[in-house]
């Protein structure tokens, strides 16, 4: 393939591609001392992950038990009608597929970072499921204890808790998307560890304290995960801006190949198909029915719109896989907060239309601007897929709440919006306008907590004990010439020189 | 890889490969004027898709509403037992996966057309879900109004309607398979727009008017989609036949690579696994139970038979991935019409056996014959996977209907075949023979409507306003040297010359 | 890519790679006589598979019928509450995905054996579903007839039987993993044919006769499949040991590429996600609830542990995809026997931790040792993923049984362990210690039957009528230079010389 392009390499291109040369050089020309340092650095992951896993055994031994429905001794559970479990389990598995295959393969779009993308997605999620179940449950208990509304009890493990664990993993994976390729595996574990604490706190404030509705997690999962990730990213690495020239230098491994783009589409499609399950996993009855209808319509409209907008806005009107892989999903994010509300089918389609358009504009115009102006690096463009559509979703939830009238909800309005039930029935007697204000407040609080805690977590993650060797610039978590590259942490075929040599030999 | 094959290029091969050279030439040597025309042509997709999507918002605002089960105000829906939704939703998601991942990846087998295959599959389906729900529902309403059996009402959106939307997408994707690689994305949208109208009309005639049974859509989805696609294909491009020599010239991009074949297997397997859900999504009770048993048995027998037949009939007795990817699925198509009937387990296996054999014979012998004799181009061989097995299925449904005796169905015969119920119970009192005749009639009508409307739609799709620049031959929808190539409409890595130059430079 | 590596091929590498050269040579330099022999050999698959499939039609016609729940004439089945089917079907589809996509893609990790891996996985499973349903059902009937506890009846086909068919396929696919790349497709069919008979016998002895619990199949599926596979492998090919030098010669096609490793991760993730469905498909009520919680926790802990252990134990502390693809799954195997028992959440996590560690140690240390010391070839390392974790699971089941006290199970202890019910209630009045002894006995019997029958089956499979041409060493099932290579049985792009020539020509 390459032989026919040997002639006339121009100097400009040589310079631009310096980083790739650096990467190769780094791996192949490391001297023995460097190797020793890198080996020790890599090993620190085993220590960190091993300790965390052992801690999990201890924490679960002390603080967790089966929920009643999973106990043999609970009256009637053995022969109970299976409907509860039958109801949740298929939804749980859909969400599970989104977390592991959806996010996992979506992030494999980088041409030399597939092992890391799918691998770190895997191990982070497996850790967060365990950690997230404990922390989210504990956070709710703390709130109740503070309000004299309960006592500490063992975390009751059930299918609902497994779903909560996957939701927590979703937030962490969105964050991972913002810093993909620029963090070590141990840094990712540390980020996940802290993120879950802030995630749980924010969820408790917004959902339990403010009593806002966010069925699909537009605010508490997507907006939180995205802004937390941008906070981490900003704290980890200052900028792509070349200090000397002021130009943004792109990293040449920060791109896709045909094959890696195809793998990423596996992720996109599973996310897209199962998004109704994500938005509706914990909904019931007619509410869940609306979630399914609204989310499918919003996503369908978003997909068509994203194709059209991408075609319109890209140079030469060619589709870019980056938009197709991501912006087509924005409709699921944006309809999240309001998916269970009576927004009417056309409303769902309109939300999807707006989200698709906004997300493509994000990829084409806003992301380059953020990189240049705010030195904000965002590998997967989570700002365009989760950040802006998440805010759109949060505002959509507020507007839908403001428009939630008796006519559309009948006597059930207090079941959909708990705080709108009369005080006599255990609610707060909020009006539609009250509820909308609380929704906006929850959104603002989410963004504030996410950015702040993200920056703090980023500063923790780049402490020297977590950094790989060779980080000279204080602003970097990893040396720039090791970014987006599987070879640093994985055995890859590139590192089997014997085979390569044989190929060459056979051609003589 | 290539360097060792530099010697002795023979002239024959150079000539045969002319089309690939032409493709490269087309993209790299376009002059400015061509570029401007292509840019304008590509942009027309954005206009067309954008308008269609906006029209959808308006149509849904005017003509659609939630079904009662999804309305909060409907008595008892909020706390209703979730069984209805729990029953349909997992089946819906299986069908959903078939449409987006199944069909989407099955069509990625072409070596340079992966982005287009999975991408157009994605956007077409997302459009058809919206459009199909409206049109199929409306078609049924029109029939009822004509027969003074109802009034127009808003389309009631529910999980069943989402399944109907996916079925409609299935028919369109089968059609897309016939013309894959030879149509522009806007042409595909136009084809889908019209196909849905004829699809809905044919379904109403066959299912509502003639009261035939076709649980798995052998006739109304597979046969219709395939023959419609062949009609479109025949109208769009006359032939592969070289006018001067009379030989069939194969297009060298019309082939697979190892990697693209592996991606296609993802599609095959998800289609194969979830086919019982497709055939049984709308069945109930023991009928659905039979669908699952019969479809799994038929598909299993078909898979083994397709491997055996392909091994037997291919040159040198080597397996061909084309057959493995497609013919293994024919058992699902062929058992479709009769899957819910009492055909006995061995009957299901026999149908799968026949379908696998027939489909492989189609790929090995019939398709080349059709290309030469009828100038019929069929990129994915939908005739072999959906066309012939669909007819086999339709006839199987007729035979099973003729053999449907009281002994096997007891008092429920009127529940399985509505028209066989006595007139006193709302049926038509048909005999088994009557029902079989109606089944055959529905099959014949399906083929007739499909071919006719397919040709008409093909003629519409190749009108000059939809054609790309450079179409000189009136018979072509796209210039032949742009076929099967992602580069015309997608940003691909082949178009990043800087990176390539660097590769070359580093080797000096 | 290759051009820059032309210089300085070293001789050592040339020698090491002899096998790849041999493979190429074999295919391209075959003389006409060889070709004729190979063609005849390949065709024997069509004969074998075709006969088996026709036999299936006959056997099903004679010995199978719908179960009552799938019969239209059964009282009330048509309108029956769909809960039974709704309960099983989503679980069935998860298991189905594990069999076809999970195992299928997991085995595609070999760089030149993707078509064979996913293809043979496909056809073997499709055959075993049909054969396994008959044999497992028949085996249970034989046991009952011997014990005067029933008469022969037609196999009642239902969704539960379809799940049993998939479980049987699971055992066969584990066996296939041990001999992947070193057996012809017909040999695989023959192995599957015999394995199912021994598998069903062992299951009947362990489950029905000894009344042991093994909800997730740690013993009857995983341990059996793995040890059967090792038996077959040992009988088929003696060793990798080079007779002359005593060194283990690795086969250079016995490795992965970046792309094949990514495809394998699709398999890994679907197996990992749906493992709770495999372990719990046939469980009910609170028992099933515990299966889900325990299996998710065990797998999550196993994933984190496998990453940590692999990082710790591999050279240079780099992750190896082999471990990530396989060892992360060991937690599902190891918790299988006890997943439905009251092992407490921390117990599940501890089992996952132990399994992940053990499995990685298997891949890093034990497998190389087995290859050298016992001449035991195990392509996928099924001993590390299914063999050892299966035994760990079997022992875990025994320990959990010994610890199963009234306090944790209440009055339901006889529902979980049937033989522990008092004799008056149809049980055997076993104590906890009794039950544990039976569990250990079942494990020992499983290993014994598996190894013995595996060796016998291996000896059958390498009989000369099943061997390809050119097998000179009596110990081999296939000539070593044809191992791990799609080209022998599949049409591949490597065999399209015209295209290759064109590539070269264009570079001049």
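FYI, it's all coordinate maths here, none of it is from the lab. In this text the structure is predicted, and so the values were computed from the model without any measurement. With ideal geometry, Cβ positions are generated from the backbone for all residues, glycine too; neighbour counts draw on all protein chains shown.
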Kirkwood Rh and Cα Rg combined as Rg/Rh, the stretch C:182-316 = 1.03
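By DSSP, what percent of the beta bridges with both residues in the protein assembly as shown are antiparallel, rounded to the nearest 5?
35 percent
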remark   = Dimensionless Rg/Rh of the stretch C:330-408, both radii on Cα and Rh by Kirkwood, sits at 1.09
note = Distances in nm between the label point of residue A:40 (7 Å along Cα→Cβ) and its equivalents in the other copies, shortest first, are 6.8, 6.8
Nearest-ten-degree value, helix C:18-29 long axis tilted from longest Cα axis of chain C = 80 degrees
key: For residue B:469, label point 7 Å along C-beta direction: distances to other copies, nm   = 5.6, 5.6
note = Packing-ranked peptide list from B:137-148, A:118-129, highest mean Cβ count within 10 angstrom first, is A:118-129, B:137-148
query = In degrees, nearest 10, range 0 to 90: what is the angle between the Cα axis of helix B:285-313 and the longest Cα principal axis of chain B?
reply = 30 degrees
ask   = So for the stretch A:372-473, what percent of the C-alpha to C-alpha distances run longer than 15 Å?
value = 74 percent
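Kindly put A:483, C:369 in sequence by how many other C-beta atoms sit within 10 Å of each C-beta, fewest to most.
Least crowded to most crowded, the residues run C:369, A:483.
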ask   = Residues of C:45-52, mean number of Cβ from any other protein chain within 10 Å of their own Cβ, rounded to a whole number?
value = 5
key: Distances in nm from residue C:153 to the matching label points in the other copies, shortest first (labels 7 Å along Cα to Cβ)   = 4.5, 4.5
inquiry  = Beyond 14 Å, how much of the Cα-Cα pair distribution for the stretch C:117-201 remains, as a whole percent?
reply    = 62 percent
ask   = Sorted from fewest to most neighbouring beta carbons within 10 Å, what does the list C:32, A:448, B:446 look like?
value = C:32, A:448, B:446
query = Tell me, what is a quarter of the convex hull surface for the C-alpha atoms of chain A, in nm² with one decimal?
reply = 27.8 nm²
key: Neighbour-count ranking [beta-carbon atoms within 10 angstrom, fewest first] of C:74, A:386, B:209   = B:209, C:74, A:386
Computed over the stretch A:288-431, the ratio Rg/Rh where both radii use C-alpha atoms and Rh is Kirkwood = 1.10
request  = Compute the projected area of the convex hull of the Cα atoms of the stretch C:93-246, averaged over all viewing directions, and report it in nm² to one decimal place.
outcome  = 10.7 nm²
query = Which residue of chain B is nearest the rotation axis onto chain C, counting by its Cβ, and what is the distance in whole Å?
reply = B:90, 3
ask   = When the C-alpha atoms of the stretch C:157-207 are aligned to their principal axes, what extent does each axis show, in angstrom, from largest down?
value = 34, 23, 15
request  = Specify the angular offset, from 0 to 90 degrees and rounded to the nearest 10, of the alpha carbon long axis of helix C:258-280 from the longest principal axis of the alpha carbons in chain C.
outcome  = 10 degrees
query = Using the Cα atoms of the protein assembly as shown to build a convex hull, what is its mean projected area in square nanometres?
reply = 52.4 nm²
